[in-house]
Amino acid sequence: MPQPDFRYIGTPVPRREDARLLTGHGRYVDDIEIPGVLHACFVRSPHAHARILSIDASAARAMPGVVTIVTGHELAKWTTRHRMAPPIEGLHPVEMDTLPIDRVRFQGDPVACVVATDRYVAEDACEQVQVDYEMLAPVTDMHQALDPAAPRVDETLPSNLISHQHFDHGDVASRKSCAHRVVEASFSQHRQTHLPIETRGCAAVWDEGRAHLTMHIGCQVPHPMRTQLAARLRLPETQVTIVSPDVGGAFGQKIALYREELTVAALARELRRPVRWREDRLENLLAASNSREQLCRTRAAVTADGKLLALELDVLEDFGAYCFYPANYLARVVAMILTGPYKVQDYAFDVKVVLTNKCGNGPMRAPMAITSWVIEGTMDAIARELGLDPVEVRRRNMLETADLPYTMPTGEVLSDVTPRATLEGALQAIGYDAFRARQREARTQGRCLGLGICTVVESTTYGSAFYKAAGIPGSGHESAWIRVEPSGVVNASTGLGATGQGYETSLAHAVAEGLGVDTGRIRILLGNTDIAPYGMGSRGARGGTAGGGTLYLCALDARAKVLAIAAKSLGLPDAGALRMVDGRVECHDAAGWIDTGITLASVARTAYLDPLALPDGMAPGLDFSRSYDPPPMTYSNATHACEVEVDVQTGGVRILRYLAAEDCGTVLSPVVVEGQQHGAIAMGLSNALLEHVVYDETGQNLSGSLADYLVATACEIPPIELLPMHTPSTRTPAGLKGMAEGGVMGAIGAIMNAVNDALAPFGVTVDRQPLTPMYLRALVRGKSPFPAETR
Amino acid sequence: MERMRITLDVNGVRYPIEVEPRKLLSDALREDCRLTGTHVGCEHGVCGACTVWIDGHPARACLTFAAQMEGHAITTIEGIGAGDRLTPLQQALHEHHGLQCGFCTPGIVMTLGNFLDGHPDPSDDEIREALSGHLCRCTGYHNIVAAVRDAAARMRGHHVDGGDAAA
């Protein structure tokens, strides 16, 4: 892959974290031994919507081993309420109790917490807590939620429509009126959940003497978590430490401070004893966090040859019962970047988000996951209606290098992206023309092959300027420190929260490159707020650019000082002719680069132990810190190609081939990046084919086990071919762009488009997920395929 | 609930412990034997993270009561490999980047380690079938399959160099 003159960045070094994880010596939250720890367990609402009339915990309290049982009343004294009120037009402010006091809003809503000496006892006691409910009519459907007569999920709001934004750019109406046709398409994405294999959990340890809380919690954003937890407990941030150990996956589920975690922390302080909670899988499926459940509709005004004149998007999202995030947050990104790879300026969107009596939504690996399916499905719909080749329609509308930088109608600026290159790369690799010939041949034998193409433009790193423009309080910066120790080994830290991405490896590459020392001497310290600098943590795909970029810049600072010290030792006027390679200082002369005999270790000894030998005015030590605010937004891009066969007798979908051509800029670690691509693609395929959080019309969750909420196994996921087509960004340190969510976006679009392509002879289209055999059978039942030569 | 005295034989070490009859083997291993490498992902036998060997055969520790294990030899992830040396499967998982968050990994090492003993030259389909009792949310399984294939080759005496992780 074309990367400029890097020695360490981009080298395929196996991961540093593996040895402990392979041998059972990882340390996840529940592995941490805490003497005298108590166990928390939550009593949860069996109803989707009900008034809490009374809670009788006397029988439970009398059970041996039960320490205490608390409800929303106690928590209201010990903690502050959660207020979600960013100044965003069309978004209603909301508040939430730490535990519900009067009313429960979904099945699984926690109403009481039992603390006992043992988890088994705590669960027994939960069953003895008697809660009297008055059942209320629930809202379980996003269309029903909009009915003025519908019950209100949050009584403080005028209606269930918690957020509504409209946007218009250009003149969509006149473009539509002069268009050859307006092509309409619909995209319904079902409710899903993150499903980290390690569920949520935490262990809170209160140090009475120091009035200090240590919160062990698997967490993507240690510092923002500390800020929130401290505020809700009315503690100064100096009195709270977040320690996030090894984390068994998160995918967006471990960002917010959840009510259970706050309850456990408050209990540890009140009881003056350590308390831990390990969510079980039923709780995780019912009550952790949901995502998606969006209905998107597009109307594309096009010319007869498929040129896109204008585009309209409607989004309706079911956000569930509670707002741990601004309710517009997920859907707005979809609308903001929808046009992605295509040139169109006349664009309008209408985005509505409603509350229902379901588990609340949160960002799940690609909060904007539906985006690429919507735009690429729209391209396919245009091709279908106009009788054009879907690839030709894409080519006629796609951004070319000469168009960059390109300001999208929403004001987002695309630069350093290569959608046309990845499209052509993927088409060539999959053998597009040969596939069409095979498809025709297969159709004559009654077999339904399909090829889905999906080009992705993925928003990756959100800078502060983006947040400011979006009206969201907060920052997109990241922070880092690097300390070269007196022996010449290197400790480094940043505010990211590792949840399995391999940061200890990939970030070491960034430090190695900036400093000029091999990765083996670098240790990356993450997840402890007493050690890490205050950064914004891991969300979106910001780890590489924000975290890696900051560390790289910090390492350049470190190298400059190291070389200045070396120059003084060598009697040189400055460090202009010096460089460091593998921890050894080299000097350039007529013969080329020669070793000076000076090493990072010898410079470190001087810096710490012989400061009088330093250049005049230089401070002792080799301690560096730095923060960095990325551009308003960075983008990566990719094209996915998926070949399927649909068995129309059974409705089964078999993936015959899957490949993705991706440009995510400079790659810190190809090992880690390829792993992220595989994982994201697999998640997208699993999402689209199998996963489904099912609520019935009374608001009962019907997918409370892994036998009901289906996740793809190795038998459903195909081998994945990757084409690296990376080009560095011109706007970030080392050319980083960020990645890891686009794979989900591309996979969802590619599989849907492939199935539509396969079913084309039947004249039917899939416009909702999951792609169950029942759904596909219902579509083709009683229909006979068109003659094979229709395409 | 009344406790029972039992002795668990885990990785060749005898652990005399007192447990309620209902205590799961997974919890007894983690809490009473302090062997936390056996992970609990679902407690209903689907995800496979808690897989251990009972008398040499893979089994779900979350579907087994500790009290049933008197007289049986249990092997956990901590008992795999010799000292600090990784097994060929563990080494291949490392070199092929067959793990990310690592939470499902011990269970996979237990199941596939046993599988390789009976399948010295497995096809990819056989590997995927053997792996299908484990949910991995991070890797997409691609590199795990490559690692198992390579581990089999190493155990047969051929080392397949590189693999996808180095591509």
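Figures for the structure shown
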item: Farthest positive-ward along chain A dipole, Cα basis, beta-carbon charges - from A:Ala40, A:Val517, A:Ala137; result: A:Val517
item: Estimated [θ] at 222 nm from DSSP helical runs (n ≥ 4, -39500 (n - 2.57)) normalised by residues in chain A, nearest 500; result: -8000 deg cm²/dmol
item: Length-normalised contact order for the stretch A:322-364 - Cα pairs under 8 Å, 6+ apart - percent; result: 71
item: Gain upon complete extension [A:Ala149, A:Ser415; 0.36 nm per residue less C-alpha separation]; result: 91.0 nm
item: Cα-centred dipole magnitude for the stretch B:4-79, charges only on beta-carbon of K, R (+1) and D, E (-1), debye, nearest 20; result: 40
item: B:Arg5, A:Arg278, A:Arg259 arranged by Cβ crowding within 10 Å, fewest neighbours leading; result: B:Arg5, A:Arg278, A:Arg259
item: Selection of GluC sites (Glu not before Pro), the stretch A:387-424, meeting DSSP coil and at most 16 other Cβ within 10 Å; result: A:Glu400
item: DSSP loop GluC sites (Glu not before Pro) with at most 16 other Cβ within 10 Å excluded, longest remaining stretch of chain B; result: B:71-167
item: Counting all C-alpha pairs of the stretch A:656-705, share separated by more than 12 Å (%); result: 75
item: Residues A:Ser475, A:Ser636, A:Ser506, A:Ser54, sorted so that the one with the fewest Cβ neighbours within 10 Å comes first; result: A:Ser54, A:Ser475, A:Ser506, A:Ser636
item: Dipole of the protein assembly as shown, positive end: most advanced residue of A:Met752, A:Tyr329, A:Thr371 [Cβ charges, Cα centre]; result: A:Tyr329
item: Under 5 Å, built H, 5+ apart or other chain: amide partners of A:Tyr342; result: A:Leu399
item: Student exercise, the stretch A:690-791 dipole from Lys, Arg, Asp, Glu Cβ charges, in Debye to nearest 20; result: 320
item: Hull shadow area, averaged, chain A [alpha-carbon convex hull, nm²]; result: 36.9
item: C-alpha long axis of helix B:142-156 to longest principal axis of chain B, angle in °; result: 90
item: Mean Cα-pair separation over length for the stretch A:286-394, i.e. relative contact order, pairs under 8 Å, 6 or more apart, %; result: 34
item: Reduced Cα scattering model of the stretch A:596-710, Debye log10 I(q)/I(0), q = 0.19, 0.20 Å⁻¹; result: -1.12, -1.14
item: Cα gyration tensor shape for the stretch A:1-160, rounded if a/c is under 1.5, else prolate or oblate; result: oblate
item: Extent along principal axes [Cα atoms of the stretch B:4-79; Å; largest to smallest]; result: 29, 24, 19
item: Compactness of the stretch A:1-78 as Cα Rg over 2.2 N^0.38 Å, two decimals; result: 2.14
item: With 5 Å bins from 0: P(r) over the stretch A:123-208, alpha-carbon pairs, percent; result: 2, 7, 8, 9, 11, 14, 15, 11, 7, 5, 3, 3, 3, 1, 0
item: Hull-based mean projected area of the stretch B:88-160, where the convex hull spans the alpha carbons, in square nanometres; result: 4.0
item: The stretch B:88-160, relative contact order [Cα under 8 Å, separation at least 6], %; result: 49
item: Dipole magnitude of chain A, debye to nearest 20 (Cβ charges: Lys/Arg +1, Asp/Glu -1, about Cα centre); result: 240
item: In Hz, Karplus ³J(HN,Hα) per residue of the stretch A:395-408 (6.51, -1.76, 1.60; θ = phi - 60°; x = Gly, Pro); result: 4, 5, 10, 6, 5, 10, 3, 5, 7, 8, x, 10, 8, 5
item: The stretch A:111-160: GluC sites (Glu not before Pro) in DSSP coil with no more than 11 other Cβ atoms inside 10 Å; result: A:Glu155
item: Alpha-carbon Rg/Rh ratio, for chain B, with Rh computed the Kirkwood way; result: 1.00
item: Rg/Rh (Cα only; Kirkwood hydrodynamic radius) as it applies to the stretch A:690-749; result: 1.19
item: Positive-end residue of A:Leu668, A:Ala560, A:Gly170, charge dipole of the protein assembly as shown with Cβ unit charges; result: A:Gly170
item: Dimensions (Å) - the stretch A:656-774, Cα atoms, principal axes, largest first; result: 53, 37, 27
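All of the numbers you see were taken from the coordinates with simple rules; none came from a lab. Just so we're clear, the structure is a prediction, and the values are computed from it rather than from any experiment. Neighbour counts run over all protein chains shown; Cβ positions are idealised from the backbone, glycine included.
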